[in-house]
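Take a look at the structure set out below.
The values are calculated or read from the model by the stated rules, or taken from the named source; none is laboratory data. The model shown is predicted, which means the values in this text are computed figures rather than measured ones. Note: ideal-geometry Cβ built from the backbone for every residue, glycine included; neighbour counts use all protein chains shown. Accessible surface is based on the protein model in full, side chains and every heavy atom, while ligands, DNA and RNA are left aside. Shrake-Rupley method; radii C 1.70, N 1.55, O 1.52, S 1.80 Å.
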Amino acid sequence: MAVRDGQSMTPALEDVDAQLRPGVQALAFHALRWLGRAEALRQQLAKRPPPSEADALLCVALGCLAATSAADASFMSAGNTDFSQSGPSENSSPLYNDYTLVDQAVEAAKRSDATLHQASFINGCLRRFLRERDALMTQAHHNPQAVWNHPQWWIDRVRKDHPLHWQEILRANNSRAPLILRINQRKTTSAQYVQALLAIDIGAFPLGEQGVVLTEARPVMSLPGFAEGHFSVQDAAAQLAAPLLMDGLTAAGPGQPRLRILDACAAPGGKTAHLLELADCDVTALDIDAKRCQRIAQNLDRLGLQAQIVVGDASRPNDWWDGESYDGILLDAPCTASGIVRRHPDVRWLRRPTDIAQLAQVQARLLGALWPLLKSGGRLVYCTCSVFKAEGEQQIAAFMARQGDAAQMPAPGHLLPQRGAVNAVFPDNLMREHDGFYYALLEKRPV
Ligand SMILES: C[S@@+](CC[C@H](N)C(=O)[O-])C[C@H]1O[C@@H](n2cnc3c(N)ncnc32)[C@H](O)[C@@H]1O
């Protein structure tokens, strides 16, 4: 209900009693990954939706029922192979016994005043679903939102931007992302950390330069070395930002000033910390959100790192800039987050189609405002956790057309979300296990 009212799931879950939170979170993630199908089924079962509380409960139950192997079998038997693997692969076996699910949904309805009077309606809908499952699923099968569990505009947009890979992207969005850590190379190495995990029977393997993937998610605070700052939680795609910026920059030499780096949209500091782990440099970590800036301070503190943290609007440097230009700028710009849907299944239901153009304008303004702060010969990494081209490739093409002194250097470009279990390897994806991202590296040339 909170997500349908436009609230992000993370803060909504913070309001849930701590003891209930893991269960509520698991159900909420599942419901949001199957909401398109659940809503299509609910529409078939009841033309007029019940009051919002009852509808939410009914859709959660339908989402659980529609994810069972029997339900998916009817999707497959409809003969369209495009659709047969459209749901989360992990859900190919029933979450719960059908009748337990119906019984518990009705019990839940009876326990709240808001749904009490809808309990028999919910019971009727769910029992009808069990009786007519095949016919209802076949009908839902004609509705792309039910097939892909994304809003229609989102499906159309991904299809337009990635005509060859749109189905893999949507499928990956519906999968569960593993817990990925970035090892703090100032404290340990990924090989040593994997050994430390294996020694206590936690399955893990290295990924990329500093990444470690856990075969099963765990509470991060219970992992070895958390308090000592041995690792941060960060997806493998996000781990590419700091090396991309730092690899091409070299300090002038002993006795010379250290590299000056601006992390322009820094909170909660994941990439700020990575920059500081890689090199001894002076980092200004800027963010417009004062509360989120506190999180930068906490994260750096735990990792034993230091930056100058500034609250300010990156598009208004006159308010906070000291006038000394930077060797490197990281612009991890605000975006639709369309690349991290597998970790945030609410994002697809929260965004509106107009958000893309609005955010692209913000990104263009940030690029324009920060470019003059870069030294000649300096480098700027522009990145977004989006698969939409307006926030990636097209944004940078427009910037290059405007900015005569910018040269585009080799960078990953659009990385498409990918789960390790999938056979298809995108041409620009090397790691096979990461979120969707866009990366451009720009160098300032003398005019
Ligand atoms: C994608 S998040 C950054 C994540 C961060 N780089 C990390 O790796 O942990 C984008 C951030 O941009 C900040 N932001 C949005 N508009 C901004 C602006 N005009 N100036 C500075 N920060 C801004 C948001 O508060 C948000 O923290």
Scanning for something closer than 28 Å to VAL341 by Cβ and either within 14 Å of the ligand (Cβ to nearest atom) or open to solvent by 50 Å² or more (accessible area, probe 1.4 Å) (or both), does segment 188-204 turn up at least one residue?
no
Looking only at segment 209-229, how many residues end up being within 16 Å of the ligand (Cβ to nearest atom) and touching a helix residue (DSSP H, G or I) at 6+ places or on another chain (Cβ under 7 Å)?
3
Out of (1) modelled with pLDDT under 95; (2) open to solvent by less than 40 Å² (accessible area, probe 1.4 Å); (3) within 30 Å of ALA242 (Cβ to Cβ), the one GLU168 does not meet is (2)
All but one of (1) open to solvent by less than 60 Å² (accessible area, probe 1.4 Å); (2) under 21 Å from LEU275 (Cβ atoms); (3) within 15 Å of the ligand (Cβ to nearest atom) hold for ARG379; state the number of the condition that does not hold.
(3)
Criterion first (within 21 Å of the chain's Cα centre (by Cα), within 9 Å of the ligand (Cβ to nearest atom) and of a type in the set (S, T, N, Q)) does THR354 satisfy it?
no
Looking only at segment 175-229, count every residue that is touching a residue at least 12 places away in the same chain (Cβ under 8 Å) and not in a loop (DSSP other than H, G, I, E, B) and tell me the total.
17
For LEU305: the one exception among (1) surrounded by 16 or more Cβ atoms within 10 Å (Cβ to Cβ); (2) closer than 24 Å to GLY323 by Cα; (3) out of contact with any Phe, Trp or Tyr (no Cβ under 7 Å at 6 or more places or on another chain):
(2)
Suppose we filter segment 211-231 for residues that are closer than 21 Å to ARG419 by Cβ and open to solvent by less than 20 Å² (accessible area, probe 1.4 Å); how many remain?
4
Where residues in segment 322-351 are acidic (Asp, Glu) and in contact (Cβ under 8 Å) with a residue 24 or more places away in the chain, which of them is nearest to the ligand (Cβ to nearest atom)?
ASP332
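The rows are residues; the columns are (1) closer than 29 Å to ALA177 by Cα; (2) buried (at least 19 other Cβ atoms within 10 Å of the Cβ).
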{"site": "ILE261", "(1), (2)": "no, yes"}
{"site": "ASP282", "(1), (2)": "no, no"}
{"site": "ARG292", "(1), (2)": "yes, no"}
{"site": "PRO317", "(1), (2)": "no, no"}
{"site": "ASP332", "(1), (2)": "yes, yes"}
